[in-house]
Amino acid sequence: MAPWVFQAKKADWLPDLPRKSPTIRDYQMSTAQLAQYNQMEKQFLVEIEEGYVTVDVAIAKYEKLAQIQTGFVYDSEGYVHELVRPSENPRLKLLQQILDEEVEGKVCVVYRHRPVFELLLKALAKYDPAWIRGRMAPEDVEEQKARFNGDSHCRIILLQAEASKYGHTLLGGEAEIDKCRTMIFFENSYSADTRDQVEDRIHRRGQTGEYVSYIDLSASPLDRRVTKALQQKDKLYKSVFGKLKSAAPA
């Protein structure tokens with residue numbers, strides 16, 4: 001194919017883009033969350049050590065642990081169970097602290113699940129959030145992007161990871177106070193491709209400054225290992241769990 005195609009790398013074509021600066025912020029789960037998390041994690045790790053799970057099943061089980069950290073969990077029939085009231089949700093409190101006290105300008109907040117969207121939309125109402133989520137009409141997506149990029153009262157946009165990873169420019173406005181150089185992952189996708197693409201919504205042509213900041217929230221050593229693997233674009237399963245005795249390859 002060489003005579004007809006060439007490889008265009010982002011680093012070569014946009015060498016002046018700010019560097020990416022990832023950060024992990026730790027917090028402690030509530031008593032109820034921690035009890036359920038520890039019980040599920042113990043059972044999960046025993047299954048892994050004994051080699052009873054495949055890669056896909058292991059990642060699915062980890063997603064359950066991640067749900068607990070955000071304050072809810074789906075049961076086997078798909079019903080949502082709230083584990084902690086929003087006013088007492090430690091993860092949400094940390095997010096609000098970061099927004100109120102630590103970052104300037106506009107912010108993208110990444111999530112995955114519908115209950116989390118509803119939680120964030122209500123809890124962050126004072127920021128007049130915009131949003132992009134699944135099954136939106138194209139014109140509605142454009143309206144929400146225009147609000148975020150052009151309306152100084154709209155400080156936050158809520159991004160459902162899978163629905164937001166392609167084709168969106170979310171750099172905020174022209175004024176320095178309205179620029180967007182921060183992305184907070186309230187929830188993570190477990191796809192390195194999705195992670196990379198979502199990050200690039202604020203790391204693209206037109207971005208200015210010395211760096212763009214990516215903040216992950218973590219409440220357990222396992223979650224921290226997953227986050228580091230995603231930040232470094234490693235193969236998630238091997239980085240977090242190592243080799244299994246009788247599982248499918250990662």
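What about residue 34, is it in contact (Cβ under 8 Å) with a residue 24 or more places away in the chain and farther than 20 Å from residue 185 by Cα? Write out each step before concluding.
On the way: in contact (Cβ under 8 Å) with a residue 24 or more places away in the chain: no; farther than 20 Å from residue 185 by Cα: yes.
Judged against the criteria, residue 34 is not a match.
Collect the residues in region 207-230 that are within 14 Å of the chain's Cα centre (by Cα), of a type outside the set (A, V, I, L, M, F, W, C) and closer than 13 Å to residue 183 by Cα, keeping them in residue-number order.
Scanning region 207-230 gives 213, 214, 216.
Filtering region 171-200 down to residues that are closer than 25 Å to residue 93 by Cα and in a loop (DSSP other than H, G, I, E, B), which residue is farthest from the chain's Cα centre (by Cα)?
By that ranking, first place goes to 190.
From the residues in region 75-118 that are hydroxyl-bearing (Ser, Thr, Tyr) and exposed (fewer than 15 other Cβ atoms within 10 Å of the Cβ), which one is farthest from residue 163 (Cα to Cα)?
Top of the filtered list is 87.
Tell me yes or no: at least one residue of region 2-11 is under 29 Å from residue 98 (Cα atoms) and at pLDDT 85 or above.
no
Quick grid of which residues meet (1) in contact with a Phe, Trp or Tyr (Cβ under 8 Å, 6 or more places away or on another chain); (2) surrounded by 15 or more Cβ atoms within 10 Å (Cβ to Cβ); (3) polar (S, T, N, Q); (4) more than 16 Å from residue 222 (Cα to Cα):
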residue	(1), (2), (3), (4)
15	no, no, no, yes
28	no, no, yes, no
45	no, no, no, no
50	no, no, no, yes
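Check every one of the strands (runs of 3 or more DSSP E) wholly within region 67-157 and list those with 1 or more residues that are more than 22 Å from residue 213 (Cβ to Cβ).
In region 67-157, the matching strands (runs of 3 or more DSSP E) lie at 72-74, 80-82.
Under 9 Å between Cβ atoms, which residue pairs at least 6 apart in sequence (or on different chains) link something in region 204-229 that is part of a loop (DSSP other than H, G, I, E, B) with a partner that is crowded, with 16+ Cβ neighbours inside 10 Å and among the charged types (D, E, K, R)?
Sorted first by the residue in region 204-229, then by its partner, the pairs are 207/179; 207/181; 208/179; 208/181; 209/179; 209/181; 219/91; 220/41.
Of (1) touching a helix residue (DSSP H, G or I) at 6+ places or on another chain (Cβ under 8 Å); (2) modelled with pLDDT of 95 or more; (3) outside any loop (DSSP other than H, G, I, E, B), residue 163 satisfies all except one. Which?
Condition not satisfied by residue 163: (1).
Would you say residue 127 is in contact (Cβ under 8 Å) with a residue 24 or more places away in the chain, in contact with a Cys (Cβ under 9 Å, 6 or more places away or on another chain) and surrounded by fewer than 21 Cβ atoms within 10 Å (Cβ to Cβ)?
yes
If a residue has to be outside any loop (DSSP other than H, G, I, E, B) and over 23 Å from the mean Cα position of the chain (by Cα) to count, how many in region 14-43 make the cut?
Matching residues across region 14-43 total 6.
May I ask you to list the residues in region 162-177 that are buried (at least 22 other Cβ atoms within 10 Å of the Cβ) and more than 20 Å from residue 210 (Cα to Cα)?
Result: 164, 165, 168.
Restricting region 53-74 to residues that are farther than 14 Å from residue 188 by Cα, β-branched (Val, Ile, Thr) and in contact (Cβ under 8 Å) with a residue 24 or more places away in the chain, which is surrounded by the most Cβ atoms within 10 Å (Cβ to Cβ)?
Selected residue: 73.
Among the residues of region 1-20, count how many are out of contact with any Asp or Glu (no Cβ under 9 Å at 6 or more places or on another chain) and in contact (Cβ under 8 Å) with a residue 24 or more places away in the chain.
Total meeting the criteria: 2.
The values are calculated or read from the model by the stated rules, or taken from the named source; none is laboratory data. Because the structure is predicted, anything quoted here is derived from the model rather than measured. As a convention, Cβ positions derive from the backbone with ideal geometry for all residues, glycine included, and neighbour counts pool all protein chains shown.
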